[in-house]
Structure formats: structure tokens, C-alpha cells
Amino acid sequence: MTAEVPSFIQARDEADPIRMFRQRFSLPPGIVYLDGNSLGALPTATAPRLDELVRQEWGVGLIRSWNSHDWIGASRRVGDKIATLVGARAGEVVVADSTSVNIFKLLMAAIAARPGRKIILSETDNFPTDLYVAQGIAALLPQQTVRAVDPGKVLEAIDKDVAVILLTHVHYKTGQKYDMARITKRAHECGALIIWDLSHSTGAVDVDLGAVDADMAVGCGYKYLNGGPGAPAFVYVAKRLQGELKSPITGWFGHAAPFEFAGNFQPATDINRFLSGTPPVLALAGLEIGVALLAEAPRKLLFQKSQELCSLFIERIDKTCQGYGLEVVTPRDPQERGSHVSLRHPEGYPIIRALIARGVIGDFRAPDILRFGIAPLYLSFADIWRAADALRDVLVTRQWDTAEFKARAPVT
């Protein structure tokens, strides 16, 4: 895919202080990758690291590598690195399981810690797996009810009947960002606990869990953390709550002394109590590369570039795509959004398919949202310019209006 990029955009890229990070990703030539909010790009160091782990640590070291290469400590080690990205302290984050499983663990722990309270509070358009897990718990515990309210009514819905609040910090469709400090404060005033889903925040948006006195959080490893497809998720529990909250999945790695093989469960006294089964060492190694790479980038510069890229994309859409039925859904105020831009169009699905065929990879969320993830480590201002031009061409030529692009693929 080629497009004319003006000199002032080229100059912005040349002046970008973190532009060198792009060279550390294996991106196919001619592709503008705007789907890092769904699956991050491949760091160049990942494949050699996995090859070393498989051939040497596993192939030669065999079971000895649990000790000699600290496989046993990977969940905590990678968790501590993630902690630096979300404003947490060492010992407050551990990598384990999937986001869905971790939401289950934290919701159940929060409900048990707030006996007598009957409400799991969320919002109507939260990411479906968050609502599904909450609904499943309500089916297991008939005394519990899921109350899902309009996003603008979350604050007023927090009262003394609420046991736990489950919210996604950056909305997966719209990119709208919640005021984490304000909502957390309100939860604490009412005696409720709160769980923040950081899946569309970590690594792309400024998050400071410690500064807002957050209780718990989860996040996935395969989006902006670039851990690879299906990379494990993470759990955050503030140290002040680690002795109080109890994981409902009491697996052997959550035991205070797992290799004593005691017959009765005794939970670890720290964040390890939220571990369960044997850690996925291969997947953790891939995630560790992505997290370490992200941690190298200066936080302020990373988040500043993220918002500059988002603003440029919105400005170009406003200027070049007027009259073709597109609506910008994502907030225009950088303080109110995450790091993806969402556009609404009644033919959103075939439009995104046509864009992908032109080498601009975004994704689609039903019923009508075209979504473009802005990963500042490997995207350039020229990429954003080219993507907007390609979108305009697809609209002008109606390239999307074919049976090929309208046919639904299994993954959208």
C-alpha cells in the first residue's frame, strides 16, 4: 500500500523520540497495523527467546530448568514488570490464567469479603465476557444480582447494597475512558470493592492504580503488551487486601508451600494466593519479552504519542471522509479516551474487510463499529496518514460493496 505523505508528517516522524522502537517489531512491509488493541505485533526478540527456551531450557535442561532458569518464578517476575506499567508495587501483580478466569476469581473473592451485600454492579455495554462471568456467578449464588446500568449512571448507582463494581477502564468499542479516581473513591465511600478491567488500557494509557487506591484489576497480555495470541492475563490485588481476599480456585500454586504437598489447602499470604495451576512457561516467556520492551519506553512520551496519533487520525477522517456516512464515536478530548479510534458506519463490516485487503488492518465490532488500535511503540504518523487516505479511497470507490467483503469470517 502506497500513499503520498506530506513533508510535515515525515518531519513529525523524524522528530519522534521513540521512533526507534518500531525497528524492534517484525511488521510485514506495506502493512499499516491498526489492530494492536486486539492482538499486538510480534517483537523481533520473541521468536529467538522461544527457540532458546524450547531447544535449550526444555530440550537440554529438561525439568531442571524450573530451578536453573527460574521457570517457577515467572508468574511473579512478569507480574512485577507489569506492575511498573500500571502504577502498582512489586508483589501486587501476578500473571495467571485468562482475563475471564481472573474476573471470576476476583468477583468471587470480593463477594465473600462483603457479606450481606447483594449487588454486582457493572454497565450495560461492558465487554461481554465481563458481564457473562458476573451473570454466571449470579446463577451460582442466587442471593447475588447483576445490576448493569447506563455508563453515565454508574456513579449514582453505587450504594450500600453494592458488594463489588466491575468496569472496563477504556471501553472496548467506543474508546471512552472512565474516571478511575472518581469512581474508585465513590466505591470506597459506600464500602464497596471495585475491579478494573485494564485490557484496553495497559501499555497504551496512563494508569496509576496506587495513586487512586484501586482495590483489584485484571488485564490481558496479548493486546498492547504484545505477548502473542492467547498470552496469559494478569491479576492486581492491593497489598492491603491480600490477606483478606480469598481466591475461589484453590490450586496448588496458590498454596503457601506448594512443594510440601500437604493434604489441606493453606493459601499463600501474598499475591500468590491468586495463582492456581502450573504456569504456562512458553506463553509467559513470550509475554515477558513484550512487557520488557514496553517498559523501556518513557511513559510520558509513549502516552503523549498515543494521543497525538489518535488526534491526527480523527482530524484526517473529519477532513477527507465527510459525506460518506462515517461517525466518529471515540471522544475527541484526549483526556476522555483510550488508545483506539472507533468509527460508526452501517456498512462497517465490508468496509473494514476492504481496508484489510488494501493493507490497512483494523477490526470490526458489531453492529456497526470500525475500530483502529493505536499502538505508539510501532506506529508512525505516516501510517496514520496512509490509513486515513486508504479509508477515504474505499468509501469513494465503494470497493467494499462486493459479496467477497460482505461475507462474514469467523473472527471479526
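The values are calculated or read from the model by the stated rules, or taken from the named source; none is laboratory data. Because the structure is a prediction, the values reported are computed rather than measured. Every residue, glycine among them, receives a Cβ derived from its backbone with ideal geometry; neighbour counts consider all protein chains shown.
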Which ones in the range 340-353 are in contact with a His (Cβ under 8 Å, 6 or more places away or on another chain) and either under 23 Å from Ser306 (Cβ atoms) or not aliphatic (A, V, I, L, M) (or both)?
His340
Can you tell me how many residues within the range 1-35 are among the hydroxyl-bearing types (Ser, Thr, Tyr) and either in contact with a Pro (Cβ under 6 Å, 6 or more places away or on another chain) or under 12 Å from Val360 (Cα atoms) (or both)?
2
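Would you check which residues across the range 42-62 are assigned to a loop (DSSP other than H, G, I, E, B) and β-branched (Val, Ile, Thr) and list them? Quick ask: steps written out before the conclusion?
Filtering the range 42-62 down to residues assigned to a loop (DSSP other than H, G, I, E, B) leaves 42, 44-45, 59-61.
Within the range 42-62, Thr44, Val60 meet the criteria.
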Restricting the search to the range 12-41, which residues are within 30 Å of Thr412 (Cβ to Cβ) and outside any loop (DSSP other than H, G, I, E, B)?
Phe21, Arg22, Arg24, Phe25, Val32, Tyr33
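What residue, of Leu53, Leu85, is crowded, with 21+ Cβ neighbours inside 10 Å, modelled with pLDDT of 95 or more and of a type outside the set (S, T, N, Q)?
Exactly one of Leu53, Leu85 is crowded, with 21+ Cβ neighbours inside 10 Å, modelled with pLDDT of 95 or more and of a type outside the set (S, T, N, Q), namely Leu85.
Could you say whether any residue in the range 167-176 is assigned by TED's automatic domain parsing to the domain that holds Tyr236 and free of Cβ contacts under 8 Å to residues at least 60 places away in the same chain? So that I can check it myself, show each step before the final result.
Our first condition is that a residue be assigned by TED's automatic domain parsing to the domain that holds Tyr236; within the range 167-176, this holds for 167-176.
Now drop any that are not free of Cβ contacts under 8 Å to residues at least 60 places away in the same chain, which leaves 167-168.
So far as the range 167-176 goes, yes, one or more of its residues are assigned by TED's automatic domain parsing to the domain that holds Tyr236 and free of Cβ contacts under 8 Å to residues at least 60 places away in the same chain.
Yes/no per residue for (1) assigned by TED's automatic domain parsing to the domain that holds Gly91; (2) of a type outside the set (Phe, Trp, Tyr); (3) out of contact with any strand residue (DSSP E or B) (no Cβ under 8 Å at 6 or more places or on another chain):
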| position | (1), (2), (3) |
| --- | --- |
| Phe261 | yes, no, yes |
| Pro267 | yes, yes, no |
| Ser311 | no, yes, yes |
| Thr320 | no, yes, yes |
| Glu347 | no, yes, yes |
How many residues, within the range 225-242, are in contact with a helix residue (DSSP H, G or I) (Cβ under 9 Å, 6 or more places away or on another chain) and surrounded by fewer than 21 Cβ atoms within 10 Å (Cβ to Cβ)?
4
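If a residue must be in contact with a Leu (Cβ under 7 Å, 6 or more places away or on another chain) and either among the hydroxyl-bearing types (Ser, Thr, Tyr) or in a helix (DSSP H, G or I) (or both), how many such residues does the range 84-101 contain? Before the answer, list the steps.
So in the range 84-101, the residues in contact with a Leu (Cβ under 7 Å, 6 or more places away or on another chain) come out as 85-88, 94-96.
If we keep only those that are either among the hydroxyl-bearing types (Ser, Thr, Tyr) or in a helix (DSSP H, G or I) (or both) as well, we get 85-86.
Residues in the range 84-101 being in contact with a Leu (Cβ under 7 Å, 6 or more places away or on another chain) and either among the hydroxyl-bearing types (Ser, Thr, Tyr) or in a helix (DSSP H, G or I) (or both): 2 in total.
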Would you tally the residues in the range 120-154 being under 23 Å from the mean Cα position of the chain (by Cα) and closer than 18 Å to Thr184 by Cβ?
10
Which of (1) of a type outside the set (A, V, I, L, M, F, W, C); (2) surrounded by 22 or more Cβ atoms within 10 Å (Cβ to Cβ); (3) in a helix (DSSP H, G or I) does Arg371 not meet, given it meets every other one?
(3)
Contact list, first residue from the range 126-148 and closer than 11 Å to Met108 by Cα, second anywhere and in a helix (DSSP H, G or I) and β-branched (Val, Ile, Thr), beta-carbon distance below 6 Å, six or more apart or interchain, is Val133/Ile103
Checking the structure you have, find out if any residue of the range 324-340 is surrounded by fewer than 20 Cβ atoms within 10 Å (Cβ to Cβ), hydroxyl-bearing (Ser, Thr, Tyr) and in a helix (DSSP H, G or I).
no
Which one of the conditions (1) under 18 Å from Asp70 (Cβ atoms); (2) surrounded by fewer than 16 Cβ atoms within 10 Å (Cβ to Cβ); (3) small (Gly, Ala, Ser) does Gly277 fail to meet, given that it meets all the rest?
(1)
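Here are Thr278, Thr202: which of them is within 30 Å of Arg55 (Cα to Cα), modelled with pLDDT of 95 or more, among the polar types (S, T, N, Q) and not assigned by TED's automatic domain parsing to the domain that holds Ala366?
On the way: Thr202 fails: within 30 Å of Arg55 (Cα to Cα).
When all the criteria are applied, what remains is Thr278.
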